Amino acid sequence: MSGAVPGPDGGLRCPWALSTPEYVDYHDTEWGRPIRDDNGLFERLCLEAFQSGLSWLTILRKRPAFRTAFAGFDIAVVAAFDDRDHERLMGDAGIVRNRAKVAATITNAKVAAGLDEPLAELIWRFAPPERPAPTSLDEVPARSEESVALAKELKRRGFVFVGPTTTYALMQAAGLVNDHLADCFAR
């Protein structure tokens, strides 16, 4: 099944969204909706990096703990984290305790705090032109020309853990691209 399928309420949805109630809620209320504030985009960027190599469901289930651990993903607060905070985070069983990803989140906050423009403006500059709605999951890419360019620009500015697949997932999550299938009610 790669086209839209009926969900628990009969509404057609992207098939990836139907395996758990958490996925249904995320798909229906958040995924693909435009996010234009710096902290909201910073959160999505960080969570996409933490997801690398893991199930997105793991990240969704740990999201409340991530938000607590990283001060609501407030860029200014996380940018001030020090070695003690890093060690505190490494001891927090509520989050993914990957040393490199925790360090990347703090590094990326410092970079974001020092940008010469808002993070949202930087990211949204790479939004691709609207393209035809995909009719199946086979038509949804894992990366795009724009996500490659965004990853390069973020890395040039000092961000880490921001490859083109991660930046494409960010684009999907934050509504820079609309990858809901053509028949999906959320489109």
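If you check A65 against the conditions, is it in a helix (DSSP H, G or I), within 21 Å of E153 (Cα to Cα), of a type outside the set (S, T, Y) and touching a residue at least 24 places away in the same chain (Cβ under 8 Å)?
No; evaluated as a whole, the condition is false for this residue.
Condition check ((1) among the aromatic types (F, W, Y); (2) buried (at least 18 other Cβ atoms within 10 Å of the Cβ); (3) at pLDDT below 95; (4) in a helix (DSSP H, G or I)) across all residues:
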{"site": "P8", "(1), (2), (3), (4)": "no, no, yes, no"}
{"site": "E22", "(1), (2), (3), (4)": "no, no, no, yes"}
{"site": "D25", "(1), (2), (3), (4)": "no, no, no, yes"}
{"site": "I35", "(1), (2), (3), (4)": "no, yes, no, no"}
{"site": "N39", "(1), (2), (3), (4)": "no, yes, no, yes"}
{"site": "R44", "(1), (2), (3), (4)": "no, yes, no, yes"}
{"site": "A49", "(1), (2), (3), (4)": "no, yes, no, yes"}
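Do we have L119 as in contact with a Phe, Trp or Tyr (Cβ under 8 Å, 6 or more places away or on another chain), over 22 Å from W56 (Cα atoms) and buried (at least 21 other Cβ atoms within 10 Å of the Cβ) here? Against the criterion (in contact with a Phe, Trp or Tyr (Cβ under 8 Å, 6 or more places away or on another chain), over 22 Å from W56 (Cα atoms) and buried (at least 21 other Cβ atoms within 10 Å of the Cβ)), L119 qualifies. Residues that are assigned to a helix (DSSP H, G or I) and surrounded by fewer than 15 Cβ atoms within 10 Å (Cβ to Cβ) are absent from the stretch 176-184. Note on the stretch 145-162: residues that are buried (at least 18 other Cβ atoms within 10 Å of the Cβ) and either out of contact with any Ser or Thr (no Cβ under 8 Å at 6 or more places or on another chain) or among the hydroxyl-bearing types (S, T, Y) (or both) amount to 3. Being within 27 Å of K155 (Cα to Cα) and either buried (at least 18 other Cβ atoms within 10 Å of the Cβ) or not basic (K, R) (or both) is true of W31. Selection of the stretch 46-77 for residues being more than 14 Å from Y26 (Cα to Cα), of a type in the set (A, V, I, L, M, F, W, C) and touching a helix residue (DSSP H, G or I) at 6+ places or on another chain (Cβ under 9 Å) yields C46, A49, F50, F66, A69, F70, A71, F73, I75, A76, V77.
Taking the stretch 138-172 as the range and being in contact with an Asp or Glu (Cβ under 7 Å, 6 or more places away or on another chain) and either part of a loop (DSSP other than H, G, I, E, B) or farther than 20 Å from R36 by Cβ (or both) as the test, only V140 passes.
Checked against the criterion of being aliphatic (A, V, I, L, M) and closer than 18 Å to L18 by Cα, the candidates A133, A142, A182, A174 yield just one match: A182. Checked against (1) surrounded by fewer than 18 Cβ atoms within 10 Å (Cβ to Cβ); (2) out of contact with any Lys or Arg (no Cβ under 7 Å at 6 or more places or on another chain), M90 passes all but a single condition, namely (2). I'd like the full set of residues that are of a type outside the set (A, V, I, L, M, F, W, C) and surrounded by 18 or more Cβ atoms within 10 Å (Cβ to Cβ), limited to the stretch 164-174. P164, T166, T167, Y168, Q172 - these are the residues of the stretch 164-174 that are of a type outside the set (A, V, I, L, M, F, W, C) and surrounded by 18 or more Cβ atoms within 10 Å (Cβ to Cβ).
The values are calculated or read from the model by the stated rules, or taken from the named source; none is laboratory data. Since we're looking at a predicted model, the values are computed, not measured. Neighbour counts run over all protein chains shown; Cβ positions are idealised from the backbone, glycine included.
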